[in-house]
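A quick write-up on the structure given underneath.
The values are calculated or read from the model by the stated rules, or taken from the named source; none is laboratory data. As the structure is a computational prediction, the values presented were derived from the model and not from experiment. Cβ sites come from the backbone with ideal geometry, for glycine too, and all protein chains shown count toward neighbours. Remember, those area values only see protein heavy atoms, side chains included, never the ligands or the DNA or RNA. Shrake-Rupley method; radii C 1.70, N 1.55, O 1.52, S 1.80 Å.
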Amino acid sequence: MTASTTTGHTDGERLRGRIAAELARARSRTALLTEVVDDADLMRQHSPLMSPLVWDLAHVGNQEELWLVRDVGGREPVRCDIDELYDAFKQPRRDRPTLPLLPPAEARAYLGTVRDKVHDLLDTVRFTERALVAEGFAFGMIVQHEQQHDETMLATHQLRAGSAVLHAPAPPEPSATVGGEVLVPAGAFTMGTDTDPWALDNERPAHRVDLPAYVIDAAPVTNGQYEAFIADGGYTDPRWWSPAGWAHRVQERLDAPMHWQRDGDGWSYRRFGRWGRVRADEPVVHVCFYEAQAYAAWAGKRLPTEAEWEKAARWDPATGRSRRYPWGDEDPTEAHANLDQRHLRPAPVGAYPAGASPLGVHQLIGDVWEWTSTTFRGHPGFTAFPYREYSEVFFGDDYRVLRGGSFGTDRSACRGTFRNWDYPIRRQIFSGFRCARDAGPDESHR
Ligand SMILES: [Fe+2]
């Protein structure tokens, strides 16, 4: 055996081990989120915006069957009779509760059968023969898909009425004083990636983007800052709102973030079935794009573009290269970011100094998804892979890009290049924001 085949063999084993561990980690979260409620609760639609949890559950298994069992493995279908039921494009969310869905026990058995077949084919799959399996891509895509649905299911739990069923320790307290703004000097940086093996099609390819100097908030906008906007009449002054945002605000009678309620002279917030006072130094969450845009205008700023967000998160002025994460290339740990549903709330500003970018921008990864002003498009040179329905069918002016992941996002589905998108009216997701502005002439030459 030559040295290179020995290395290839070892790398393959290491990749198999990593895939098995990531699949197991995703499945234990899916199990937790669907075992803490009873069958009736799993079958119920908790909000017209969301699927019944049991739909997400079987859909996760069905995607795993389609991509791994049938496509990668070339095996016989486990259940082709249910493909249509769990096709997100064929079944709008509002209709999903009326479908003849698999009952919870049957859905769990289906997921188990599919997973057994995946473990079987993982033993023998060769990772180099097709683009779909190179470096384990299809497995990584399915891991991320399950984790993304786990975040969606967590959002369903937040909308669910009834007593609390989820429990988690509080996030760390602040260990650094963080505030104000950071100047990002003018110049080009590399946006997107060619090399991250599990990066999805919309994160590719890497390309140079030249930006003028700008200033970005060192931290996400907090509840305390947002309360000042409310107290100053921000919701009743059309000056701060775009025409579409104002029309939406009036129609939906928005007057505070979702889940907030007046409590004496302050606010309370319902989080996973428990009421608590709004904490001033926590990033605001459950605001829509229009609310974020109005706050930014009121503050004399604007939302960052997606490229501005990514340069602040990845660009290293010492080397000129773009990192995978603000802190470097290594995967997130508990010291870097509030991810993985470890804490079921955003962490106060200053809780993750080890996760700051080289320029000193904090909490870009984890805590809250951050709205940007950019509509969702492919990067220059975009190629749909492995199918148009992953990203390309969503390109256009209807969606705004969100970046950075939330406390509900798993680390496997969150990178400095990872892109999320949603309608500007949506706020059942774990969405917040930070502000930016153009650098003044005296600032840009500092
Ligand atoms: Fe899906």
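Of note:
- Checked against the criterion of being open to solvent by less than 30 Å² (accessible area, probe 1.4 Å) and either of a type in the set (Gly, Ala, Ser) or at pLDDT 95 or above (or both), the candidates Val184, Val165 yield just one match: Val184.
- Options Arg388, Arg437; residue that is closer than 27 Å to Asp281 by Cβ, out of contact with any Cys (no Cβ under 8 Å at 6 or more places or on another chain), among the basic types (Lys, Arg) and surrounded by fewer than 22 Cβ atoms within 10 Å (Cβ to Cβ): Arg437
- Filter result for Leu85 (farther than 23 Å from Ile429 by Cβ, within 16 Å of the ligand (Cβ to nearest atom) and outside any helix (DSSP H, G or I)): yes
- Per-region count, the stretch 321-332, residues touching a residue at least 40 places away in the same chain (Cβ under 8 Å) and open to solvent by 20 Å² or more (accessible area, probe 1.4 Å): 4
- Filtered residues of the stretch 132-156 (kept if buried (at least 20 other Cβ atoms within 10 Å of the Cβ) and at positive phi): Gly136
- Cβ-Cβ under 6 Å pairs, at least 6 apart or on other chains, the stretch 49-69 side under 17 Å from Arg115 (Cβ atoms), far side within 13 Å of the ligand (Cβ to nearest atom) and charged (D, E, K, R): Val60/Glu146
- Unmet requirement for Thr305, which otherwise passes all of (1) polar (S, T, N, Q); (2) without any contact (Cβ under 8 Å) to a residue 60 or more places away in the chain; (3) open to solvent by less than 60 Å² (accessible area, probe 1.4 Å): (2)
- With respect to the conditions (1) part of a loop (DSSP other than H, G, I, E, B); (2) open to solvent by 10 Å² or more (accessible area, probe 1.4 Å); (3) in contact with a Leu (Cβ under 7 Å, 6 or more places away or on another chain); (4) under 17 Å from Gln148 (Cβ atoms), Asn420 lacks only one, and its number is (1).
- The residues in the stretch 259-281 that are assigned to a loop (DSSP other than H, G, I, E, B) and either farther than 20 Å from Pro348 by Cβ or more than 25 Å from the chain's Cα centre (by Cα) (or both) can be counted, and the count is 3.
- Number of residues in the stretch 88-101 that are surrounded by 13 or more Cβ atoms within 10 Å (Cβ to Cβ) and within 16 Å of the ligand (Cβ to nearest atom) equals 6.
- Options Ala168, Ala164; residue that is out of contact with any Phe, Trp or Tyr (no Cβ under 8 Å at 6 or more places or on another chain), hydrophobic (A, V, I, L, M, F, W, C) and away from the ligand (no atom under 16 Å from the Cβ): Ala168
- Meets criteria (under 28 Å from Arg314 (Cα atoms), open to solvent by 60 Å² or more (accessible area, probe 1.4 Å), at pLDDT 95 or above and not basic (Lys, Arg)) for Asp194: yes
- Residues considered: Ser412, Ser406. Of these, the only one that is part of a helix (DSSP H, G or I) and open to solvent by less than 30 Å² (accessible area, probe 1.4 Å) is Ser412.
- Within the stretch 288-298, being surrounded by 24 or more Cβ atoms within 10 Å (Cβ to Cβ) and among the hydrophobic types (A, V, I, L, M, F, W, C) holds for Cys288, Phe289, Ala292, Ala294, Ala296.
- Being surrounded by 14 or more Cβ atoms within 10 Å (Cβ to Cβ), within 30 Å of His46 (Cα to Cα), modelled with pLDDT of 95 or more and more than 16 Å from the ligand (Cβ to nearest atom) is a property that holds for Leu159.
- In the stretch 243-275, the residues that are surrounded by 15 or more Cβ atoms within 10 Å (Cβ to Cβ) and in contact with a strand residue (DSSP E or B) (Cβ under 6 Å, 6 or more places away or on another chain): His259, Trp260, Trp267, Ser268, Tyr269
- Thr2 falls short on exactly one of the conditions (1) open to solvent by less than 60 Å² (accessible area, probe 1.4 Å); (2) modelled with pLDDT under 95; (3) among the β-branched types (Val, Ile, Thr), and that condition is (1).
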